[in-house]
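A.B. asks: I have a structure I would like to understand better, so I am pasting it below and will then ask my questions one at a time.
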Amino acid sequence: MYRKYYGLIQKPFELAPVGGRVYLSESHREALATLRYGVIANKGFLLLTGGVGTGKTTVLNTLLGMVRDKIKVCVLNNPTLSKHEFFSYLSGSLGIPYKKNKGDFILDFASFLKNYEEEGGKVLLIIDEAQAFPINLLEEIRLLSNHAGEKNALSIFLIGQPELQEKLADPLLLPLRQRIGIRHHLEPLTEQDTAQYIVYRLNKAGAVNSALFDSGATNLIHKESRGNPRLINIICDHALISGFNQDLNHIDKTIIEDCIKEIKLAGEKRLQASDTNKSPQSNRKLFGKDSNISILTATILILFVLSVTGLILYEFVPEQWWQRIVELTSPILDTFK
Ligand SMILES: Nc1ncnc2c1ncn2[C@@H]1O[C@H](COP(=O)(O)OP(=O)(O)O)[C@@H](O)[C@H]1O
Ligand SMILES: [Mg+2]
């Protein structure tokens, strides 16, 4: 909606990098070089970690667009696959017929690797979001590497959030951990990078004025996003909409401040909405907790009222009244004997 207003060919802060191009900060550049080396030099297992939205998948996709060798790539990013589904998916990606039997698959996989390696090919198995994969699947993945041939033409990239490092510290994954030859941790953008990233994205989107965001704005964006590209995209896109709505063709710190407030507010509302939309079970739980408290309060109150009433009756009711009450109630009590 704001494209024409700012003279842009496309939206600059879309999720997919504009024109498939990535901004290479020092850490992104290193990550890309490391991945490339890993696959070219047949380095076996490689670990790439980084916070959510720092650009791991983006770097990976950039690599896949660059490699020219004869490489069969299989990307796995679904941690909920069963073992059977995992082998079936792997067979499909590599073009190996799956006979619904793990033993047969292993044999076919080994001979496929051997033949493909002899033809000068490589296989790259990528596990994205590896931190969410169950240990038994990660172990199956490690075992696959036992079938790599002499040239070690099977590369396995484990990509994930920083918790992946903790997961790999599990003693059950020691054999896998020991095989990881290369590691890189993707750092967030520096303050200077953030400013350059914004200009880069604007340029790639065809902006005439790439200094649309002033330094006050970019500094605040960096502070709020902590150099996270995904968050930078969200704030910048919001700022362009705000600027357009207010007829401002220059984004300053004040616009960013307002946007951040709105984004945070929207986030809180979403959180509240998800609280009210909680599953019946969690509602029951909340409800159950409250009602337990009210039942307890009511019981204490009733006991208190009964004791006070008893005391009053005992003190103030004349004795002959008591005798009369006993006379009246004794036939009833007798029926229970
Ligand atoms: N170096 C980069 N250049 C351009 N865009 C990037 C870069 N790094 C991240 N992004 C953008 O940030 C968002 C999050 O990136 P993504 O690769 O999905 O992060 P991760 O996989 O680490 O969670 C995406 O919209 C992506 O386009
Ligand atoms: Mg990702």
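A.B. asks: For the chain, treating each Cα as an identical point scatterer without solvent, what Debye log10 I(q)/I(0) comes out at q = 0.10, 0.14 1/Å?
C.D. replies: Results for the chain at q = 0.10, 0.14 Å⁻¹ read -0.78, -1.14.
A.B. asks: Under 13 Å from a label point 7 Å along Cα→Cβ of E14: give me every residue in the stretch 191-223 with its amide N that close.
C.D. replies: Answer for this model: 204-206.
A.B. asks: Bin by bin, in steps of 10 Å, what percent of the Cα pairs in the stretch 90-159 do you find, going until the bin that has the longest distance?
C.D. replies: Taking every Cα pair in the stretch 90-159, the percentages come to 19, 52, 28, 1.
A.B. asks: Now for a separate question. Quick query: amide H of F213 versus all other amide H atoms, modeled in the peptide plane; which residues come in under 5 Å with a sequence gap of 5 or more or a different chain?
C.D. replies: So F213 has HN proximity to I251.
A.B. asks: Let me ask something else. What is the fewest-to-most order of V18, V208 by other Cβ atoms lying within 10 Å of their Cβ?
C.D. replies: Lowest count first: V208, V18.
A.B. asks: For the stretch 26-186, report the % of Cα-Cα distances exceeding 20 Å.
C.D. replies: 48
A.B. asks: Turning to a different aspect of this structure: Cut-off under 16 Å on the C-alpha distance; same-chain residues fewer than 8 positions from K4 excluded. Which lysines are left, in chain and number order?
C.D. replies: Straight-line reach from K4, under 16 Å: K204.
A.B. asks: Between N146 and N249, what length in nm is gained on full extension when 0.36 nm per residue of separation is reduced by their alpha carbon distance?
C.D. replies: Full-extension gain reported as 31.2 nm.
A.B. asks: If the cut-off is 28 Å between C-alpha atoms, which lysines fall inside it for K99, apart from same-chain ones fewer than 8 positions away?
C.D. replies: Hits, sequence-local ones excluded: K70, K72, K83, K114, K122, K151.
A.B. asks: Right, next: Take R36 and L296, extend 7 Å from each Cα along the Cα→Cβ direction, and tell me the distance between the two endpoints in nm.
C.D. replies: Simple spin-label model gives 6.4 nm for this pair.
A.B. asks: Right, another one. For the chain, what does -39500 (n - 2.57) per DSSP helix run (n ≥ 4), summed and divided by total residues, give at 222 nm, in deg cm²/dmol to the nearest 500? Show your work: numbers first, answer last.
C.D. replies: Details: 14 runs with 201 residues, N = 337.
It comes out at -19500 deg cm²/dmol, rounded to the nearest 500.
A.B. asks: Test of the criteria: in the stretch 1-57, which GluC sites (Glu not before Pro) are in a DSSP loop and have at most 10 other Cβ atoms within 10 angstrom of their Cβ? Intermediate values should be presented prior to the final figure.
C.D. replies: Working: sites: E14, E26, E30; in loops: E14.
Taking the stretch 1-57 and a limit of 10 other Cβ atoms within 10 Å, no loop GluC sites (Glu not before Pro) are found.
A.B. asks: Further question on the same structure: Subtracting the Cα-Cα distance from 0.36 nm times the residue separation, let me have the gained length for S307 to R230 in nm, one decimal.
C.D. replies: Working: separation 77, 0.36 × 77 = 27.72 nm, distance 6.48 nm.
Full extension of this stretch gives 21.2 nm more.
A.B. asks: Note the full-extension length gain between R3 and H185 as 0.36 nm times their separation in residues minus their Cα-Cα distance, in nm to one decimal.
C.D. replies: Extra length available between R3 and H185 comes to 62.0 nm.
A.B. asks: Could you sort the peptides 164-177, 52-65 by per-residue average Cβ neighbour count (10 Å cutoff), highest mean leading?
C.D. replies: The packing order, highest mean first, is 52-65, 164-177.
Every number in this text was worked out from the coordinates using simple rules, so none of it is lab data. Remember, predicted model here, so these are calculated numbers, not experimental data. Backbone-built Cβ (ideal geometry, glycine too); neighbour counts: all protein chains shown.
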